[in-house]
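Visitor: One structure follows; several queries about it will come next.
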Amino acid sequence: MPELAGWTATQVRTAYTSRQASPVEVAEDIRTVIDAGEPTINAFWQRADDEEILAQARASEGRWATGTPLGPLDGIPVTIKENVARAGIPMPAGCAGTEPRIPDADAPATARILESGGVVLGSTVMPDWGMLSSGVSSRHGITRSPWDPAWTTGGSSSGAGAAAAAGFGPLHVGTDIGGSIRLPGTWLGLPTLKPSAGRVPLDRPYLGRVAGPMARSVADLALFLQVLARPDARDWMSLPAPSTDWYADLASLVDGTGGLGSGGDALAGLRVGVQVDPGCGLPVDPDVAATVEVVADAAAGAGARVERVGPWLTDRLLEDLDLFWRVRSLVDFHALPADRQERVLPFIRRWVSAGADASGERLLGCYASIMTIQERTVAVTEEFDIVLSPVAPMVAFPAEWPMPWGEGDLGMAHIGFTVPYNMSGQPAGSVNAGFTGAGKPIGVQVAGRRWDDVGVLRFMAWWESARPDLVPRWPIPT
(Lines give C-alpha, C1' and ligand atoms only; values in the text may rest on other atoms or scores of the structure.)
Protein backbone atom coordinates (compact mmCIF):
# COMPACT_ATOMS: atom_id res chain seq x y z
CA MET A 1 0.00 0.00 0.00
CA PRO A 2 1.42 3.40 -0.88
CA GLU A 3 1.88 4.90 2.57
CA LEU A 4 0.50 8.38 1.96
CA ALA A 5 -2.81 7.13 0.57
CA GLY A 6 -3.58 5.54 3.93
CA TRP A 7 -3.14 8.76 5.87
CA THR A 8 -6.09 10.65 7.27
CA ALA A 9 -6.69 14.27 6.28
CA THR A 10 -5.45 15.47 9.66
CA GLN A 11 -2.24 13.49 9.20
CA VAL A 12 -1.80 14.89 5.70
CA ARG A 13 -2.36 18.43 6.94
CA THR A 14 0.24 17.97 9.69
CA ALA A 15 2.69 16.59 7.15
CA TYR A 16 2.22 19.63 4.92
CA THR A 17 2.81 21.96 7.86
CA SER A 18 6.00 20.15 8.87
CA ARG A 19 7.16 19.68 5.24
CA GLN A 20 7.27 15.89 5.71
CA ALA A 21 5.13 15.41 2.60
CA SER A 22 3.85 17.56 -0.23
CA PRO A 23 0.46 17.79 -1.95
CA VAL A 24 2.03 16.42 -5.14
CA GLU A 25 3.41 13.36 -3.34
CA VAL A 26 0.05 12.67 -1.70
CA ALA A 27 -1.85 13.11 -4.97
CA GLU A 28 0.52 10.79 -6.82
CA ASP A 29 0.19 8.05 -4.20
CA ILE A 30 -3.59 8.28 -4.25
CA ARG A 31 -3.65 8.18 -8.05
CA THR A 32 -1.71 4.91 -7.84
CA VAL A 33 -4.24 3.46 -5.42
CA ILE A 34 -7.17 4.53 -7.60
CA ASP A 35 -5.55 2.98 -10.66
CA ALA A 36 -5.18 -0.31 -8.77
CA GLY A 37 -8.64 -0.44 -7.25
CA GLU A 38 -11.07 1.42 -9.47
CA PRO A 39 -11.51 -1.23 -12.19
CA THR A 40 -13.10 -3.49 -9.55
CA ILE A 41 -14.60 -0.98 -7.13
CA ASN A 42 -16.23 1.41 -9.65
CA ALA A 43 -16.48 4.45 -7.37
CA PHE A 44 -16.16 7.28 -9.92
CA TRP A 45 -18.65 8.77 -12.34
CA GLN A 46 -16.20 11.45 -13.46
CA ARG A 47 -12.57 11.11 -12.48
CA ALA A 48 -10.36 14.15 -12.95
CA ASP A 49 -7.55 13.42 -15.37
CA ASP A 50 -4.04 13.03 -14.00
CA GLU A 51 -2.81 16.38 -15.24
CA GLU A 52 -5.76 18.21 -13.68
CA ILE A 53 -5.14 16.53 -10.32
CA LEU A 54 -1.44 17.30 -10.44
CA ALA A 55 -2.10 20.91 -11.43
CA GLN A 56 -4.29 21.34 -8.35
CA ALA A 57 -1.64 19.67 -6.20
CA ARG A 58 1.20 21.81 -7.61
CA ALA A 59 -0.76 24.99 -6.95
CA SER A 60 -1.32 23.87 -3.37
CA GLU A 61 2.35 22.95 -2.99
CA GLY A 62 3.27 26.48 -4.02
CA ARG A 63 0.96 27.98 -1.42
CA TRP A 64 2.35 25.78 1.35
CA ALA A 65 5.88 26.73 0.31
CA THR A 66 5.08 30.40 0.88
CA GLY A 67 3.05 29.79 4.04
CA THR A 68 -0.23 30.90 2.43
CA PRO A 69 -2.60 27.91 2.34
CA LEU A 70 -6.12 28.86 1.31
CA GLY A 71 -7.79 27.02 4.17
CA PRO A 72 -8.00 23.81 6.22
CA LEU A 73 -8.30 21.59 3.14
CA ASP A 74 -5.49 23.04 1.05
CA GLY A 75 -3.86 20.18 -0.87
CA ILE A 76 -6.09 17.49 0.65
CA PRO A 77 -7.72 15.16 -1.93
CA VAL A 78 -11.54 15.13 -1.91
CA THR A 79 -14.33 13.44 -3.86
CA ILE A 80 -17.84 14.81 -4.35
CA LYS A 81 -21.01 12.76 -4.92
CA GLU A 82 -22.42 13.16 -8.42
CA ASN A 83 -25.63 14.87 -7.23
CA VAL A 84 -23.62 17.71 -5.68
CA ALA A 85 -23.07 20.19 -8.49
CA ARG A 86 -19.66 20.88 -9.99
CA ALA A 87 -19.77 23.52 -12.71
CA GLY A 88 -19.63 21.91 -16.15
CA ILE A 89 -19.79 18.31 -14.88
CA PRO A 90 -22.94 16.39 -15.98
CA MET A 91 -25.25 15.15 -13.20
CA PRO A 92 -27.09 11.97 -14.30
CA ALA A 93 -28.27 11.07 -10.77
CA GLY A 94 -27.11 7.48 -11.30
CA CYS A 95 -29.82 6.85 -13.88
CA ALA A 96 -29.33 5.76 -17.50
CA GLY A 97 -32.71 7.21 -18.42
CA THR A 98 -31.96 10.83 -17.61
CA GLU A 99 -30.46 13.49 -19.81
CA PRO A 100 -27.80 14.68 -17.37
CA ARG A 101 -28.13 18.23 -16.15
CA ILE A 102 -24.95 20.24 -16.64
CA PRO A 103 -24.73 22.86 -13.90
CA ASP A 104 -23.22 26.26 -14.63
CA ALA A 105 -22.28 26.85 -10.99
CA ASP A 106 -20.79 24.86 -8.14
CA ALA A 107 -23.01 23.73 -5.29
CA PRO A 108 -22.23 25.33 -1.91
CA ALA A 109 -20.26 22.29 -0.72
CA THR A 110 -18.17 22.26 -3.89
CA ALA A 111 -17.53 25.99 -3.68
CA ARG A 112 -16.38 25.77 -0.05
CA ILE A 113 -13.99 22.90 -0.89
CA LEU A 114 -12.41 24.83 -3.75
CA GLU A 115 -12.17 28.01 -1.70
CA SER A 116 -10.32 26.00 0.95
CA GLY A 117 -7.85 24.57 -1.57
CA GLY A 118 -9.12 20.99 -1.68
CA VAL A 119 -7.83 18.84 -4.54
CA VAL A 120 -10.97 17.47 -6.24
CA LEU A 121 -10.36 13.97 -7.57
CA GLY A 122 -13.75 13.65 -9.25
CA SER A 123 -17.44 12.89 -8.79
CA THR A 124 -18.54 9.61 -7.22
CA VAL A 125 -21.43 7.40 -8.33
CA MET A 126 -24.87 6.73 -6.89
CA PRO A 127 -27.79 4.39 -7.72
CA ASP A 128 -30.80 5.54 -9.74
CA TRP A 129 -32.13 8.83 -8.27
CA GLY A 130 -30.50 7.90 -4.98
CA MET A 131 -33.43 5.69 -4.03
CA LEU A 132 -31.55 2.44 -3.42
CA SER A 133 -29.40 1.46 -0.45
CA SER A 134 -26.80 -0.24 -2.61
CA GLY A 135 -24.28 0.45 -5.34
CA VAL A 136 -26.53 -0.80 -8.17
CA SER A 137 -27.08 1.75 -10.94
CA SER A 138 -28.58 1.55 -14.42
CA ARG A 139 -25.96 4.04 -15.64
CA HIS A 140 -22.85 3.06 -13.71
CA GLY A 141 -23.26 -0.67 -13.15
CA ILE A 142 -22.33 -2.09 -9.74
CA THR A 143 -20.10 -0.39 -7.19
CA ARG A 144 -18.39 -2.94 -4.96
CA SER A 145 -16.98 -2.97 -1.46
CA PRO A 146 -13.21 -2.60 -1.14
CA TRP A 147 -13.44 -5.16 1.67
CA ASP A 148 -14.77 -7.82 -0.67
CA PRO A 149 -16.15 -7.17 -4.17
CA ALA A 150 -18.96 -9.64 -3.43
CA TRP A 151 -20.34 -7.26 -0.77
CA THR A 152 -22.47 -4.15 -1.16
CA THR A 153 -21.14 -0.69 -0.46
CA GLY A 154 -24.52 0.51 0.70
CA GLY A 155 -26.05 3.63 -0.78
CA SER A 156 -27.02 5.94 -2.03
CA SER A 157 -23.58 7.46 -1.32
CA SER A 158 -22.11 4.26 -2.72
CA GLY A 159 -19.18 5.69 -4.63
CA ALA A 160 -18.27 8.10 -1.84
CA GLY A 161 -18.26 5.30 0.73
CA ALA A 162 -16.27 2.94 -1.46
CA ALA A 163 -13.75 5.67 -2.24
CA ALA A 164 -13.30 6.44 1.45
CA ALA A 165 -12.72 2.82 2.50
CA ALA A 166 -10.41 2.17 -0.46
CA GLY A 167 -8.12 5.14 0.19
CA PHE A 168 -9.23 7.13 -2.85
CA GLY A 169 -8.52 10.29 -0.85
CA PRO A 170 -9.27 10.98 2.82
CA LEU A 171 -12.38 13.20 2.50
CA HIS A 172 -15.65 12.54 0.68
CA VAL A 173 -18.97 14.37 0.31
CA GLY A 174 -22.11 12.24 0.51
CA THR A 175 -25.79 13.11 0.66
CA ASP A 176 -28.51 11.58 2.80
CA ILE A 177 -32.31 11.72 2.78
CA GLY A 178 -33.08 8.52 4.68
CA GLY A 179 -29.73 6.96 5.57
CA SER A 180 -27.60 7.38 2.44
CA ILE A 181 -24.47 8.54 4.30
CA ARG A 182 -24.79 6.26 7.33
CA LEU A 183 -25.73 3.05 5.50
CA PRO A 184 -22.46 2.95 3.53
CA GLY A 185 -20.89 3.89 6.86
CA THR A 186 -22.08 0.77 8.64
CA TRP A 187 -21.42 -1.63 5.77
CA LEU A 188 -17.96 -0.20 5.02
CA GLY A 189 -16.80 0.47 8.58
CA LEU A 190 -16.60 4.26 8.13
CA PRO A 191 -17.16 7.14 10.50
CA THR A 192 -19.73 9.37 8.81
CA LEU A 193 -22.00 12.27 9.76
CA LYS A 194 -25.45 13.22 8.58
CA PRO A 195 -25.35 16.79 9.84
CA SER A 196 -28.24 18.73 11.28
CA ALA A 197 -30.72 19.81 8.61
CA GLY A 198 -29.47 23.08 7.15
CA ARG A 199 -25.99 22.78 8.66
CA VAL A 200 -24.32 22.24 5.26
CA PRO A 201 -25.99 24.54 2.71
CA LEU A 202 -27.49 23.02 -0.45
CA ASP A 203 -28.36 24.68 -3.73
CA ARG A 204 -31.49 22.50 -4.03
CA PRO A 205 -32.77 21.88 -0.50
CA TYR A 206 -35.49 19.30 0.07
CA LEU A 207 -37.27 17.89 3.11
CA GLY A 208 -34.85 15.58 4.96
CA ARG A 209 -31.95 15.96 2.50
CA VAL A 210 -28.48 16.89 3.70
CA ALA A 211 -24.92 16.78 2.45
CA GLY A 212 -22.23 15.64 4.84
CA PRO A 213 -18.74 14.24 5.38
CA MET A 214 -17.52 10.65 5.03
CA ALA A 215 -13.97 9.75 6.07
CA ARG A 216 -11.73 7.27 7.89
CA SER A 217 -11.49 9.12 11.21
CA VAL A 218 -13.79 11.23 13.36
CA ALA A 219 -11.21 14.03 13.44
CA ASP A 220 -11.44 14.16 9.65
CA LEU A 221 -15.23 14.55 9.86
CA ALA A 222 -14.74 17.53 12.17
CA LEU A 223 -12.08 19.03 9.90
CA PHE A 224 -14.32 18.69 6.85
CA LEU A 225 -17.42 20.01 8.61
CA GLN A 226 -15.57 23.24 9.46
CA VAL A 227 -15.43 23.93 5.74
CA LEU A 228 -18.74 22.45 4.53
CA ALA A 229 -20.81 24.33 7.12
CA ARG A 230 -19.82 27.78 5.86
CA PRO A 231 -22.94 29.82 4.97
CA ASP A 232 -24.40 30.15 1.48
CA ALA A 233 -27.42 32.33 0.72
CA ARG A 234 -28.75 29.92 -1.93
CA ASP A 235 -30.09 27.56 0.75
CA TRP A 236 -33.28 29.11 2.11
CA MET A 237 -33.54 26.25 4.65
CA SER A 238 -30.02 26.64 6.06
CA LEU A 239 -29.19 27.33 9.68
CA PRO A 240 -27.71 30.65 10.76
CA ALA A 241 -23.94 30.92 10.45
CA PRO A 242 -22.25 28.94 13.23
CA SER A 243 -20.64 30.86 16.06
CA THR A 244 -16.91 31.29 16.47
CA ASP A 245 -17.11 28.95 19.47
CA TRP A 246 -18.75 26.26 17.32
CA TYR A 247 -15.84 26.31 14.90
CA ALA A 248 -13.43 26.30 17.83
CA ASP A 249 -15.15 23.19 19.22
CA LEU A 250 -14.68 21.43 15.89
CA ALA A 251 -11.06 22.53 15.73
CA SER A 252 -10.46 21.05 19.18
CA LEU A 253 -11.72 17.71 17.92
CA VAL A 254 -9.33 17.92 14.99
CA ASP A 255 -6.30 18.58 17.20
CA GLY A 256 -7.36 16.03 19.81
CA THR A 257 -8.03 18.42 22.69
CA GLY A 258 -11.81 18.44 22.49
CA GLY A 259 -12.62 14.78 23.03
CA LEU A 260 -14.23 13.24 26.08
CA GLY A 261 -11.17 11.23 27.09
CA SER A 262 -11.09 7.50 27.73
CA GLY A 263 -11.10 7.24 31.52
CA GLY A 264 -13.72 5.67 33.76
CA ASP A 265 -15.63 8.94 34.13
CA ALA A 266 -15.16 10.29 30.60
CA LEU A 267 -18.94 10.31 29.98
CA ALA A 268 -20.05 11.31 33.47
CA GLY A 269 -23.33 13.19 33.31
CA LEU A 270 -24.05 12.22 29.69
CA ARG A 271 -27.58 10.92 29.10
CA VAL A 272 -27.49 8.05 26.60
CA GLY A 273 -30.54 6.30 25.18
CA VAL A 274 -30.30 2.85 23.60
CA GLN A 275 -32.78 1.74 20.94
CA VAL A 276 -32.65 -1.73 19.37
CA ASP A 277 -36.26 -1.96 18.13
CA PRO A 278 -37.43 0.66 15.60
CA GLY A 279 -41.04 -0.54 15.78
CA CYS A 280 -41.18 -1.14 12.05
CA GLY A 281 -39.49 -2.87 9.16
CA LEU A 282 -37.23 -5.89 9.25
CA PRO A 283 -36.05 -7.70 12.39
CA VAL A 284 -32.60 -6.83 13.68
CA ASP A 285 -29.76 -9.29 13.10
CA PRO A 286 -28.53 -10.57 16.51
CA ASP A 287 -24.93 -9.59 15.68
CA VAL A 288 -26.05 -6.05 14.96
CA ALA A 289 -28.08 -5.76 18.17
CA ALA A 290 -25.21 -7.19 20.21
CA THR A 291 -22.82 -4.62 18.77
CA VAL A 292 -25.03 -1.76 19.95
CA GLU A 293 -25.02 -3.29 23.44
CA VAL A 294 -21.21 -3.33 23.43
CA VAL A 295 -21.15 0.44 22.90
CA ALA A 296 -23.93 1.00 25.45
CA ASP A 297 -22.10 -1.05 28.09
CA ALA A 298 -18.88 0.86 27.42
CA ALA A 299 -20.73 4.16 27.77
CA ALA A 300 -22.19 3.06 31.10
CA GLY A 301 -18.72 1.99 32.21
CA ALA A 302 -17.44 5.46 31.36
CA GLY A 303 -20.02 7.10 33.59
CA ALA A 304 -22.94 7.76 31.26
CA ARG A 305 -26.51 7.35 32.45
CA VAL A 306 -27.81 4.73 30.02
CA GLU A 307 -31.52 4.08 29.53
CA ARG A 308 -33.59 2.00 27.13
CA VAL A 309 -35.65 3.73 24.45
CA GLY A 310 -38.71 2.01 23.04
CA PRO A 311 -39.91 2.21 19.43
CA TRP A 312 -41.78 5.26 18.20
CA LEU A 313 -42.32 4.47 14.52
CA THR A 314 -44.87 2.06 13.06
CA ASP A 315 -45.01 0.12 9.82
CA ARG A 316 -47.76 2.45 8.60
CA LEU A 317 -45.66 5.57 9.15
CA LEU A 318 -42.75 4.01 7.25
CA GLU A 319 -45.06 2.82 4.46
CA ASP A 320 -46.51 6.33 4.11
CA LEU A 321 -43.04 7.85 3.80
CA ASP A 322 -42.14 5.22 1.20
CA LEU A 323 -45.27 6.02 -0.83
CA PHE A 324 -44.53 9.73 -0.68
CA TRP A 325 -41.07 9.07 -2.14
CA ARG A 326 -42.42 6.67 -4.78
CA VAL A 327 -44.74 9.36 -6.12
CA ARG A 328 -41.98 11.97 -6.02
CA SER A 329 -39.77 9.72 -8.18
CA LEU A 330 -42.74 8.72 -10.34
CA VAL A 331 -43.03 12.37 -11.38
CA ASP A 332 -39.39 12.27 -12.51
CA PHE A 333 -40.02 8.96 -14.28
CA HIS A 334 -43.07 10.26 -16.16
CA ALA A 335 -41.06 13.29 -17.32
CA LEU A 336 -38.81 10.96 -19.34
CA PRO A 337 -39.63 9.97 -22.94
CA ALA A 338 -40.82 6.37 -23.27
CA ASP A 339 -37.52 5.13 -24.69
CA ARG A 340 -35.63 6.64 -21.78
CA GLN A 341 -38.04 5.17 -19.24
CA GLU A 342 -36.94 1.75 -20.45
CA ARG A 343 -33.36 2.54 -19.44
CA VAL A 344 -34.23 3.13 -15.78
CA LEU A 345 -33.25 0.27 -13.48
CA PRO A 346 -36.08 -2.33 -13.55
CA PHE A 347 -36.27 -2.35 -9.74
CA ILE A 348 -36.86 1.42 -9.72
CA ARG A 349 -39.43 1.16 -12.53
CA ARG A 350 -41.42 -1.32 -10.45
CA TRP A 351 -40.98 0.71 -7.28
CA VAL A 352 -42.26 3.99 -8.73
CA SER A 353 -45.12 2.30 -10.60
CA ALA A 354 -46.56 1.09 -7.29
CA GLY A 355 -47.32 4.73 -6.46
CA ALA A 356 -49.29 5.41 -9.64
CA ASP A 357 -52.74 5.07 -8.05
CA ALA A 358 -52.09 7.26 -5.00
CA SER A 359 -54.72 9.97 -4.70
CA GLY A 360 -54.08 13.51 -3.59
CA GLU A 361 -55.88 12.77 -0.36
CA ARG A 362 -53.63 9.76 0.25
CA LEU A 363 -50.51 11.83 -0.38
CA LEU A 364 -51.64 14.47 2.09
CA GLY A 365 -52.02 11.65 4.59
CA CYS A 366 -48.46 10.58 3.79
CA TYR A 367 -47.22 14.10 4.42
CA ALA A 368 -49.05 14.12 7.74
CA SER A 369 -47.25 10.89 8.62
CA ILE A 370 -43.91 12.57 7.91
CA MET A 371 -44.87 15.32 10.34
CA THR A 372 -45.76 12.65 12.89
CA ILE A 373 -42.31 11.08 12.45
CA GLN A 374 -40.76 14.49 13.08
CA GLU A 375 -42.86 15.13 16.16
CA ARG A 376 -42.31 11.72 17.73
CA THR A 377 -38.58 11.64 17.06
CA VAL A 378 -37.94 14.99 18.71
CA ALA A 379 -40.23 14.22 21.65
CA VAL A 380 -38.80 10.78 22.43
CA THR A 381 -35.15 11.76 22.10
CA GLU A 382 -35.33 15.19 23.76
CA GLU A 383 -34.27 13.93 27.20
CA PHE A 384 -31.08 12.33 25.88
CA ASP A 385 -27.77 13.81 24.80
CA ILE A 386 -27.05 10.77 22.61
CA VAL A 387 -29.20 7.92 21.28
CA LEU A 388 -27.42 4.73 20.21
CA SER A 389 -28.98 2.28 17.76
CA PRO A 390 -28.16 0.09 14.80
CA VAL A 391 -27.71 1.93 11.53
CA ALA A 392 -29.51 -0.86 9.69
CA PRO A 393 -31.03 -4.17 10.82
CA MET A 394 -28.58 -6.23 8.74
CA VAL A 395 -24.94 -6.50 7.74
CA ALA A 396 -23.63 -6.09 4.20
CA PHE A 397 -25.53 -8.07 1.56
CA PRO A 398 -24.51 -9.17 -1.97
CA ALA A 399 -23.29 -6.35 -4.19
CA GLU A 400 -25.70 -7.30 -6.98
CA TRP A 401 -28.80 -6.81 -4.83
CA PRO A 402 -30.49 -3.40 -5.22
CA MET A 403 -31.88 -3.62 -1.68
CA PRO A 404 -30.94 -5.67 1.41
CA TRP A 405 -33.53 -8.33 0.53
CA GLY A 406 -32.78 -8.58 -3.18
CA GLU A 407 -35.31 -7.80 -5.92
CA GLY A 408 -38.52 -7.98 -3.89
CA ASP A 409 -40.52 -4.93 -2.85
CA LEU A 410 -40.39 -4.34 0.89
CA GLY A 411 -40.54 -0.58 0.57
CA MET A 412 -38.08 1.07 2.96
CA ALA A 413 -38.13 -1.70 5.57
CA HIS A 414 -34.45 -1.17 6.43
CA ILE A 415 -34.36 2.53 7.38
CA GLY A 416 -36.44 2.56 10.54
CA PHE A 417 -33.40 3.59 12.59
CA THR A 418 -31.97 6.20 10.24
CA VAL A 419 -34.84 8.05 8.59
CA PRO A 420 -36.39 9.50 11.78
CA TYR A 421 -33.38 11.79 12.15
CA ASN A 422 -33.66 13.00 8.56
CA MET A 423 -37.24 13.99 9.20
CA SER A 424 -36.50 15.61 12.58
CA GLY A 425 -33.35 17.29 11.31
CA GLN A 426 -31.23 15.97 14.17
CA PRO A 427 -27.57 15.09 13.58
CA ALA A 428 -26.71 11.40 13.38
CA GLY A 429 -23.47 9.63 12.55
CA SER A 430 -22.13 6.13 12.13
CA VAL A 431 -19.00 4.67 13.66
CA ASN A 432 -17.60 1.16 13.40
CA ALA A 433 -18.20 -0.96 16.50
CA GLY A 434 -17.58 -4.56 15.49
CA PHE A 435 -17.24 -7.21 12.81
CA THR A 436 -19.06 -10.40 11.97
CA GLY A 437 -17.24 -13.71 11.92
CA ALA A 438 -16.88 -13.24 8.15
CA GLY A 439 -15.22 -9.85 8.70
CA LYS A 440 -18.15 -7.65 7.69
CA PRO A 441 -18.10 -4.29 9.51
CA ILE A 442 -20.95 -3.39 11.86
CA GLY A 443 -21.55 0.28 12.58
CA VAL A 444 -23.56 1.89 15.35
CA GLN A 445 -25.65 5.01 14.83
CA VAL A 446 -24.94 7.91 17.18
CA ALA A 447 -27.77 10.47 17.11
CA GLY A 448 -27.79 13.75 18.99
CA ARG A 449 -29.99 16.54 20.17
CA ARG A 450 -31.20 19.09 17.63
CA TRP A 451 -28.29 21.05 16.16
CA ASP A 452 -25.69 19.32 18.37
CA ASP A 453 -23.40 18.05 15.62
CA VAL A 454 -20.39 18.65 17.85
CA GLY A 455 -21.87 16.47 20.60
CA VAL A 456 -22.35 13.60 18.17
CA LEU A 457 -18.77 13.91 16.94
CA ARG A 458 -17.45 14.09 20.50
CA PHE A 459 -19.16 10.82 21.41
CA MET A 460 -17.87 9.17 18.24
CA ALA A 461 -14.35 10.41 19.01
CA TRP A 462 -14.65 9.00 22.53
CA TRP A 463 -15.61 5.60 21.13
CA GLU A 464 -12.78 5.70 18.60
CA SER A 465 -10.28 6.40 21.39
CA ALA A 466 -11.86 3.89 23.80
CA ARG A 467 -11.79 1.04 21.27
CA PRO A 468 -8.96 1.69 18.80
CA ASP A 469 -8.97 -2.04 18.06
CA LEU A 470 -12.26 -1.53 16.23
CA VAL A 471 -10.95 1.16 13.91
CA PRO A 472 -10.65 -0.85 10.69
CA ARG A 473 -7.38 -1.65 8.98
CA TRP A 474 -8.53 -0.22 5.68
CA PRO A 475 -8.57 -2.40 2.54
CA ILE A 476 -6.51 0.03 0.44
CA PRO A 477 -5.56 -1.54 -2.91
CA THR A 478 -1.93 -1.98 -3.85
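The values are calculated or read from the model by the stated rules, or taken from the named source; none is laboratory data. All values reported here derive from a predicted model rather than from experimental measurement. Backbone-built Cβ (ideal geometry, glycine too); neighbour counts: all protein chains shown.
Residues checked against (1) at pLDDT below 95; (2) of a type in the set (A, V, I, L, M):
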| residue | (1), (2) |
| --- | --- |
| 211 | no, yes |
| 225 | no, yes |
| 245 | no, no |
| 250 | no, yes |
| 258 | yes, no |
| 264 | yes, no |
| 298 | no, yes |
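Visitor: Okay, next question. Of (1) touching a strand residue (DSSP E or B) at 6+ places or on another chain (Cβ under 9 Å); (2) in a loop (DSSP other than H, G, I, E, B), residue 70 satisfies all except one. Which?
Guide: So residue 70 meets the others, but not (1).
Visitor: Yes or no: residue 88 within 30 Å of residue 11 (Cα to Cα), at pLDDT 95 or above and of a type in the set (Gly, Ala, Ser)? Outline the logic, then answer.
Guide: On the way: within 30 Å of residue 11 (Cα to Cα): no; at pLDDT 95 or above: yes; of a type in the set (Gly, Ala, Ser): yes.
It is false that residue 88 is within 30 Å of residue 11 (Cα to Cα), at pLDDT 95 or above and of a type in the set (Gly, Ala, Ser).
Visitor: Got a sec? Which strands (runs of 3 or more DSSP E) wholly within region 164-278 have at least 1 residues that are charged (D, E, K, R) and touching a helix residue (DSSP H, G or I) at 6+ places or on another chain (Cβ under 7 Å)?
Guide: 171-176, 192-194
Visitor: Quick check: anything in region 99-117 of a type in the set (S, T, N, Q), surrounded by 24 or more Cβ atoms within 10 Å (Cβ to Cβ) and closer than 19 Å to residue 203 by Cα?
Guide: yes
Visitor: Could you please find all residues in region 141-155 being assigned to a strand (DSSP E or B), surrounded by fewer than 22 Cβ atoms within 10 Å (Cβ to Cβ) and at negative phi? Lay out the reasoning, then the answer.
Guide: Keep residues of region 141-155 that are assigned to a strand (DSSP E or B), which gives 141-142, 151.
Restricting the remaining residues to those that are surrounded by fewer than 22 Cβ atoms within 10 Å (Cβ to Cβ) gives 141-142.
Across region 141-155, the qualifying residue is only 142.
Visitor: On to the next question. All but one of (1) surrounded by fewer than 24 Cβ atoms within 10 Å (Cβ to Cβ); (2) in contact (Cβ under 8 Å) with a residue 60 or more places away in the chain hold for residue 94; which doesn't?
Guide: Going through the list (1) surrounded by fewer than 24 Cβ atoms within 10 Å (Cβ to Cβ); (2) in contact (Cβ under 8 Å) with a residue 60 or more places away in the chain, residue 94 breaks only (1).
Visitor: Look through region 461-470, keep the residues that are among the charged types (D, E, K, R) and either at pLDDT below 95 or not in a loop (DSSP other than H, G, I, E, B) (or both), and return whichever of them is surrounded by the most Cβ atoms within 10 Å (Cβ to Cβ). First the steps, then the outcome.
Guide: Going through region 461-470, the residues among the charged types (D, E, K, R) turn out to be 464, 467, 469.
Remaining after also requiring either at pLDDT below 95 or not in a loop (DSSP other than H, G, I, E, B) (or both): 464, 469.
On the way: 464: 19, 469: 5.
Among them, the one singled out is 464.
Visitor: Could you tell me which residue of region 35-85 is nearest to the chain's Cα centre (by Cα), considering only residues that are among the charged types (D, E, K, R) and closer than 21 Å to residue 213 by Cβ?
Guide: Here the answer is 81.
Visitor: Give 473, 458 a once-over and let me know the one that is under 20 Å from the mean Cα position of the chain (by Cα), assigned to a loop (DSSP other than H, G, I, E, B), at negative phi and charged (D, E, K, R). Before the answer, list the steps.
Guide: Details: 458 fails: assigned to a loop (DSSP other than H, G, I, E, B).
None of the other options fit; the residue is 473.
Visitor: Let me ask something additional. Select from region 291-310 the residues that are in contact (Cβ under 8 Å) with a residue 60 or more places away in the chain and not in a loop (DSSP other than H, G, I, E, B) and write down the one among them that is nearest to residue 267 (Cα to Cα).
Guide: Top of the filtered list is 299.
Visitor: Being in contact with a Pro (Cβ under 6 Å, 6 or more places away or on another chain), in contact (Cβ under 8 Å) with a residue 60 or more places away in the chain and under 28 Å from residue 475 (Cβ atoms) narrows it down to one of 145, 133, 137, 60, so name that one.
Guide: From the options 145, 133, 137, 60, the qualifying one is 137.
Visitor: Hey, can you tell me all the residues within region 311-322 that are part of a helix (DSSP H, G or I) and surrounded by fewer than 20 Cβ atoms within 10 Å (Cβ to Cβ)? Steps first, please.
Guide: Step one: of region 311-322, the residues part of a helix (DSSP H, G or I) are 315-322.
Correct list: 315, 316, 319.
Visitor: Let me ask something else. Does any residue of region 278-285 turn out to be surrounded by fewer than 21 Cβ atoms within 10 Å (Cβ to Cβ), within 22 Å of residue 463 (Cα to Cα), at pLDDT 95 or above and not acidic (Asp, Glu)?
Guide: For region 278-285, residues surrounded by fewer than 21 Cβ atoms within 10 Å (Cβ to Cβ), within 22 Å of residue 463 (Cα to Cα), at pLDDT 95 or above and not acidic (Asp, Glu): absent.
Visitor: Take region 430-455 and flag every residue that is assigned to a strand (DSSP E or B) and of a type outside the set (A, V, I, L, M, F, W, C).
Guide: Residues satisfying the conditions are 430, 432, 434, 441, 443, 445, 448.
Visitor: Considering only residues that are among the basic types (Lys, Arg) and surrounded by fewer than 24 Cβ atoms within 10 Å (Cβ to Cβ), look in region 185-228 and name the one that is nearest to residue 10 (Cα to Cα).
Guide: 199
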